[in-house]
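What follows is a set of notes on a single structure, which appears directly below.
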Amino acid sequence: MFTGLIREIATVKSYQNNILSIQSKHKAKLGDSIAINGVCLTVIKTHSDGFDLELADETRSIIDESKLKGEVHMEPAMMMTDRFEGHIVQGHVDCVGVVAKITPRENATDFIITVDSRYIVHIVPKGSITIDGISLTVNDVGTNSFRLTIIPHTLENTLMRHYKVGTKLNIETDVFARYIDHILTHKKSTKSMGWSEVDAIQMSY
C-alpha cells in the first residue's frame, strides 16, 4: 500500500525486455514494492545507485509505457510504523488519462483531465485520485473528465510542472468507490446470505 506522496524524483536508466532499471537514492531491498509513476512494481535486483523492477504483461497493457523514461515519481511501499498521509493508494492503475486543459489561477493551476467515461463512476467530487502516483483531490467531475486544482508546492515538487495539453497520465481511481460500485453491481444479481444460511455454516464446524 502507498500514500500517494512522492518521496523522490528518480531517473530511468533503462527499460527493455520488461525490466525497468531505476537510479535512485532510495536503498531498496529484494522483493520490496515500489511505485513508479503510480505503478506498483517489485524489486528483482539492487545495485549501488538504484534497483531493477519487472513489469508483467497485464501491467504493460494498461499503463502508458512511454512515461518509463527520464524522470519518474518514486514512492516505496508504506510501512506499518509510518505516519498515514495522502490517501490509500494500491498502485493498481485503472486507466490512462490525458491532460485536456491547463488554466493558471492566482495561487493555483487547474488541470482538466479526460478519461474513458466508464471510469467516471469511480471518480468522486472532493474525493481522492492518484495521478502518476500523486495523491490529489478531485474538484469537479463531468461525463468524461474531471478537474484538479494544484497548488504551487505540488507543481514545484513533482513532474506536474512539465505537463502540457496532451500529456498522458497513469490514473488510479478511489479504491473505496471501486469496491462500493462492485458490491452494488453484483448484489443485484446475487442473493444475499440470510441468517439461516449463516447458522447452517456455523453448525457444520
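Dipole magnitude for region 23-70: computed about the Cα centre from +1 point charges on Lys and Arg Cβ and -1 point charges on Asp and Glu Cβ, it is near 280 debye.
Converting phi to 3J(HN,Hα) with the Karplus coefficients 6.51, -1.76 and 1.60 and the offset θ = phi - 60°, region 91-103 yields x, 9, 5, 8, 6, 9, x, 9, 5, 9, 7, 10, 10 Hz in sequence order, with x at every glycine or proline.
Straight-line reach from residue 126: which lysines fall under 21 Å, measuring Cα to Cα and dropping same-chain residues less than 8 apart? Once the sequence-local lysines are set aside, what remains near residue 126 is 101.
Extension gain, residue 11-residue 137: 0.36 nm per intervening residue step, less the Cα-Cα distance, totals 42.7 nm. For residue 67, list the lysines whose Cα falls under 16 Å from its own Cα; do not include residues on the same chain fewer than 8 positions away. Within the straight-line limit of under 16 Å, residue 67 reaches these lysines: 13, 164, 168. Think of the chain as a dipole: +1 on every Lys or Arg Cβ, -1 on every Asp or Glu Cβ, centred on the Cα centre; then among 99, 66, 6, 99 lies furthest on the positive end. Between residue 117 and residue 103, the modelled label-to-label distance comes to 2.2 nm, taking each label 7 Å out from Cα in the direction of the beta carbon. Volume of the convex hull of region 95-185 (Cα atoms only), normalised per residue: 87 Å³. As a rough footprinting exposure proxy, the listed residues 181, 94 were ranked by other beta carbons within 10 Å of their own, and the order from fewest upward is 181, 94. Spin-label model, residue 185/residue 144: points 7 Å from Cα along the beta carbon direction are separated by 1.9 nm.
Rounded to the nearest Hz, the phi-derived 3J(HN,Hα) couplings of region 38-47 under the Karplus curve 6.51 cos²θ - 1.76 cosθ + 1.60 (θ = phi - 60°) are x, 9, 6, 10, 10, 6, 10, 7, 10, 9, where x marks glycine and proline. Since only 125, 150, 177 are under comparison, the one whose Cα sits farthest along the positive direction of the charge dipole of region 95-185, derived from C-beta charges on Lys, Arg, Asp and Glu, is 150. If you wrap the tightest convex hull around every Cα atom of the chain and split its volume per residue, you get 174 Å³. Tell me the angle of helix 175-187 to the major Cα principal axis of the chain, expressed in degrees between 0 and 90 and rounded to the nearest ten. That helix lies at roughly 30 degrees to the long axis.
Only the coordinates and a few stated rules stand behind these numbers; no lab work does. Keep in mind that what you see is a predicted model, and the values were worked out from it rather than measured. Cβ: placed from backbone, ideal geometry, glycine included. Neighbour counts: every protein chain shown.
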